[in-house]
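**Student:** Below is the structure I would like to discuss, written out as structure tokens.
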Amino acid sequence: MDRTLRIMTEDPLNAETDPSSLRSWITPNAKFFNRNQSPMLTEPISLVDWRLTIEGEVKEPLAFRYDELLRLPKATVANTVECSGNGRALLSTKARGNPWTVGGVGNAVWGGVWLGDLLRLAGPTEASLHVAFEGIDDPSGRATVKFIRSIPIEKALSSTLIAYEMNGDPLPPEHGFPVRGLPLGWTGASCVKWLTRITVIDKPYAGHFMDAVYRVFQEGQRPTDGTVVTSIVMKAIITQPLPNEELDGRPMTILGFAYGGELPVAAVDVSVDGGERWTPAEMIGPNERYAWRQWRYVWTPDRPGDHRLMARASDSEGNRQPMKASWNVLGYGNNGVEEHVVTVHVGR
Ligand SMILES: Nc1nc2c(c(=O)[nH]1)N[C@H]1C(S)=C(S)[C@@H](COP(=O)(O)O)O[C@H]1N2
Ligand SMILES: [Mo]
């Protein structure tokens, strides 16, 4: 594993990408963040016995070998994955969970087959309302229950990939080899790794990882009273310069990304004075439906001293990300605008 990742826990491995590694549109596999509920498998899964099964509420249950999946029509899609708890550690009021800052996010070009194609082969029925993903990881983690997550049939049929390739390579073991579910634009929580069983059911799957976590709820509420985390929420991040970086006063490029999950980001505004004045950034690089947009803003500091940099994303209807995110017990979806202080030393 890449040692530039900031490790939060070793076992299970939870590590975030350093912002300095988030300056290209593609996040290299070795630098992609890691999020695991349970210890990872020590051996890569053997393809000899491995099958991807589709069972439950379907006309004909199916089982695919790896090479069979590879022979089906291939889809290639860019998709940004963010952990639901990314940004949690930046909340001013603390929330429970891994202390993600900005690096619980990455963008990759994924190869695989459309889940919709597989489901249509199996034949959905009237009772096919949710699709549950189950991986082979050991349930011996802290939660001692299997990481099983379900998504609504509409999402499964319209825009969910069963990914076997990440940036042109077979899915790396730590990112889910042989295959993972990938509901496009949704947070990592729905992107089940080491996927082996797809069960079509007539209601959302009931279990720890559906009902107790990945819900947005307040103190005093039950998790099940809260809404289920689905799409990534809209935000902009600054990845150059780094917070507290010392600059020499020459013109420099502020770089970052903006992403909104299922909601395309239309624009990013930048402030170099702590939010007083905002100027549009320039969008650069690829523009793909479910991938982040890179942006840049060339800035010439007008004086030495501290400067408060900020970036704020908006959609095509002009809705902007909030200055401050609405708090929830597990700190999900923190898309508040971050203040990024840098110090300029002129003539150094
Ligand atoms: N089988 C399995 N899949 C999983 C998880 C897990 O613990 N087990 N963690 C999920 C969470 S919460 C996230 S954010 C993503 C992280 O994917 P990555 O490690 O490839 O970045 O995987 C998801 N899929
Ligand atoms: Mo996550």
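**Student:** Give me the net charge of GLU134's neighbourhood, meaning all other residues with Cβ under 13 Å from the Cβ of GLU134; Lys, Arg count +1, Asp, Glu -1.
**Tutor:** +3
**Student:** For segment 256-298, with every protein chain kept in place, what is the accessible area per residue (1.4 Å probe, Å²)?
**Tutor:** Accessible surface, normalised per residue, equals 46 Å².
**Student:** Per DSSP helix of 4 or more residues, -39500 (n - 2.57); summed, then divided by the residues of the chain. What does that give at 222 nm, rounded to the nearest 500?
**Tutor:** Here the helix-only value at 222 nm equals -1500 deg cm²/dmol.
**Student:** About the Cα centre, and with charges only on the beta carbon of Lys, Arg (+1) and Asp, Glu (-1), how big is the dipole of the chain? Nearest 20 debye, please.
**Tutor:** 280 debye
**Student:** Out of every Cα pair in the chain, what percent are spaced more than 37 Å from each other?
**Tutor:** 19 percent
**Student:** Express in Å², to the nearest 10, the accessible area of VAL109 obtained by rolling a 1.4 Å probe over the protein heavy atoms while all chains stay in place.
**Tutor:** So the heavy atoms of VAL109 present about 40 Å² to solvent.
**Student:** Shifting gears a bit: Distance check, please: which entries in LYS94/LYS146; LYS94/LYS203; LYS59/LYS155; LYS155/LYS193; LYS31/LYS235; LYS74/LYS155 exceed 29 angstrom between their Cα atoms?
**Tutor:** The pairs that break the limit, which is 29 Å between Cα atoms, are LYS94/LYS203.
**Student:** Take the chain, connect every pair of alpha-carbon atoms lying under 10 Å apart with a spring to form a Gaussian network, then pick out the residue of PRO28, PRO304, PRO322 with the largest mean-square fluctuation.
**Tutor:** PRO304
**Student:** Another one. First compute the accessible area of segment 162-312 with a 1.4 Å probe, then give the percent of it belonging to carbon and sulfur atoms.
**Tutor:** Carbon and sulfur together cover 50 percent of it.
**Student:** Beta carbons within 10 angstrom, averaged per residue: use that to sort the peptides 221-231, 171-181, highest first.
**Tutor:** 171-181, 221-231
**Student:** Same structure again: GLY112: net charge of surrounding residues, Cβ under 9 Å, Lys/Arg +1, Asp/Glu -1, itself excluded?
**Tutor:** +1
**Student:** Hey, in the GNM for the chain with a 10 angstrom Cα cutoff, which one of ARG215, ARG120, ARG289 fluctuates hardest?
**Tutor:** Residue with maximal mean-square fluctuation among ARG215, ARG120, ARG289: ARG120.
**Student:** At a probe radius of 1.4 Å, what is the per-residue accessible area of TRP299, in Å² to the nearest 10?
**Tutor:** About 10 Å², ignoring ligands and nucleic acids.
**Student:** Shifting gears a bit: Cut-off 10 angstrom, C-alpha nodes, Gaussian network model of the chain. Which of ALA132, ALA325, ALA313 fluctuates the most?
**Tutor:** Of ALA132, ALA325, ALA313, the most mobile in the Gaussian network model is ALA325.
The values are calculated or read from the model by the stated rules, or taken from the named source; none is laboratory data. Being a predicted model, the structure only gives us computed values, none of them experimental. All Cβ positions, glycine included, derive from the backbone under ideal geometry; neighbour counts span all protein chains shown. Heads up: the accessible areas ignore ligands, DNA and RNA and are worked out on the full protein's heavy atoms, side chains in. Shrake-Rupley method; radii C 1.70, N 1.55, O 1.52, S 1.80 Å.
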